[in-house]
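Below is one structure; the comments refer to it alone.
Read-outs: derived from the displayed coordinates by stated rules, not from any lab. The shown structure was predicted, so the numbers you read here are calculated from the model rather than taken from an experiment. Every residue, glycine as well, gets a Cβ built from its backbone with ideal geometry; the counts of neighbours run over all protein chains shown.
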Amino acid sequence: MKNRTRRILQLVLVAVFGVFIAGSFVSGFAPGREMGRTFASTLLEMAKLLPCAFILIALFDVWVKRETVERHFGEGSGVRGYLWGVVLAGMSVGGMYVAFPVAYSLFRKGAALSVIFAYVGLAGVCRIPMTMFELSFMGPVFTVVRLGVSIPLVIIFSVVMGRVLQRRGYRITE
Amino acid sequence: MLILYVVTGAALAASLIASASRTLAALKLAAVRLARVLPAFGLMLALLAAAITLTPQETIQRVLGHDSGPLGVAIASLIGSVTLMPGFIAFPLSGALVEKAAPYMILAAFTNTLMMVGVLTYPLERQYFGRNVALIRNGVCLLIAIVAAIVMGLVFGEISL
C-alpha cells in the first residue's frame with residue numbers, strides 16, 4: 001500500500017474513533033467517555049512535544065552538513081558512530097515516535113544504516129529521563145543489568161541488520 | 001519539558017540570526033513532515049486510549065504480581081508490548097509492585113518491552129521503515145527484552161540454571 005493511501009485509511013479510522021467518542025458522550029456510554037478523555041490528555045501531551053521535536057529535526061536538516069553526518073555517523077565512522085548513537089539516544093525526548101523522524105533525517109544525511117538502527121533501538125533502552133526513574137524506583141542493580149544486557153545486544157543486532165539492508169539498497173522513507 | 005522549549009527557542013533564535021530564509025525553510029519542512037505523520041499519530045493515540053481504558057491499572061497490577069513463572073514473563077511482555085506508558089508512570093508502578101514482592105524478572109519483562117517494543121507505534125514505524133523491517137526490529141527487540149528479564153531473574157536469584 002502506498003503511504004498516501006495508508007494515510008487516508010488512517011484518517012478514516014481516526015474519524016470512526018471520533019464518531020464513536022462523540023456518540024459515547026451524547027449517549028452517556030461511560031467507557032467511551034473514558035477513552036475520549038484519555039485520548040484528549042495524551043493528545044495534549046503530544047501537542048506540547050511534537051512541534052519542538054520536528055522543528056529541531058528540521059533545523060538539523062537545514063544547517064548540518066552532509067559531510068559532518070557522514071564523518072561521525074557514516075560507514076567509515078566505526079565505533080565512534082555507535083558511541084554517538086548511544087549519546088543521541090540518551091538525549092532523545094518522548095518515545096519511539098520521535099526516534100523515527102530523527103532516523104529518517106540521519107538517513108538522508110548519509111548516516112550508516114547500522115548506526116541508525118542502533119540509535120533507534122537504543123532510544124528504547126537508554127533515554128536518560130526514563131533511566132533516572134528506573135534507577136530511583138528499581139535500584140542500581142536492576143538498571144545496570146538491563147543496560148549491560150540490552151545495549152550490546154541491540155548494537156550487535158543493528159550491525160547485522162544494517163549490513164544486510166545496506167547491501168539490498170534499503171531506504172528509510174517518510 | 002521546559003528544557004525542550006528553551007533548547008528549541010535558542011536554536012530557532014540562533015538560526016534566525018544566521019539566516020532568516022533558511023529558518024523559514026526549516027519551519028516549512030517541519031510543518032510538512034509533521035502533517036504527513038499526523039494521521040498515524042492520531043491512530044496511535046486512539047489505539048492507546050482504547051488499550052488504557054480496556055486494561056485498567058488494577059488489572060495490570062494484579063497480573064504482574066500474580067504469576068512468576070515463564071507464563072508470567074510471557075504475559076508481562078505482552079502487556080508491555082501493547083502499552084505505551086511514560087517512564088514516570090511505569091516505574092513508580094513497578095516500584096510499588098516490588099514492595100509487594102512481585103518478582104524483578106516479571107517487572108523487567110514488563111518495563112523492558114514497554115520501552116523497546118511498540119505495537120501501538122507500529123503503524124507509524126512502518127511508514128518510515130517499511131513493514132518487514134518494522135516487524136523484524138520489534139521481534140528482535142522483544143527477544144532482547146526477554147533475555148534481559150531472564151538475566152535479571154538470575155541476578156536476583158529468582159530462577160536458577
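Computed values, structure above
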quantity	calculated
Which numbered condition A:L49 fails, given (1) at negative phi; (2) without any contact (Cβ under 8 Å) to a residue 24 or more places away in the chain	(2)
Test for A:A30: is it surrounded by fewer than 17 Cβ atoms within 10 Å (Cβ to Cβ), in contact with a Ser or Thr (Cβ under 9 Å, 6 or more places away or on another chain), more than 8 Å from chain B (Cβ to nearest Cβ) and free of Cβ contacts under 8 Å to residues at least 12 places away in the same chain	yes
Matching residues, the stretch B:98-117, being buried (at least 20 other Cβ atoms within 10 Å of the Cβ) and in contact with a Leu (Cβ under 7 Å, 6 or more places away or on another chain)	B:A102, B:I106, B:L107, B:F110, B:T113, B:V117
Looking only at the stretch A:39-82, and only at residues there that are small (G, A, S) and within 14 Å of another protein chain (Cβ to nearest Cβ), the one that is nearest to the chain's Cα centre (by Cα)	A:A53
Residue count for the stretch A:82-122, restricted to those that are of a type in the set (G, A, S), over 23 Å from B:G139 (Cα atoms) and surrounded by fewer than 24 Cβ atoms within 10 Å (Cβ to Cβ)	2
Failed condition for A:E174, given (1) part of a helix (DSSP H, G or I); (2) under 30 Å from A:R6 (Cα atoms)	(1)
Residue in the stretch A:128-146 that is out of contact with any Lys or Arg (no Cβ under 9 Å at 6 or more places or on another chain), touching a residue at least 60 places away in the same chain (Cβ under 8 Å), within 10 Å of chain B (Cβ to nearest Cβ) and crowded, with 18+ Cβ neighbours inside 10 Å present	no
Helices (runs of 4 or more DSSP H) fully within the stretch B:52-133 counting 2 or more residues that are within 7 Å of chain A (Cβ to nearest Cβ)	B:87-99, B:104-116, B:122-129
Checking B:I106 against (1) more than 9 Å from the chain's Cα centre (by Cα); (2) within 29 Å of A:P101 (Cβ to Cβ), the condition it does not meet	(2)
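For every residue, the table says whether it meets (1) under 24 Å from B:V140 (Cβ atoms); (2) touching a residue at least 12 places away in the same chain (Cβ under 8 Å); (3) in contact with a strand residue (DSSP E or B) (Cβ under 9 Å, 6 or more places away or on another chain).
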residue	(1), (2), (3)
B:T8	no, no, no
B:I17	no, no, no
B:T23	no, no, no
B:L29	no, no, no
B:M44	yes, yes, no
B:L71	yes, no, no
B:L84	yes, yes, no
B:L93	no, yes, no
B:T113	yes, yes, no
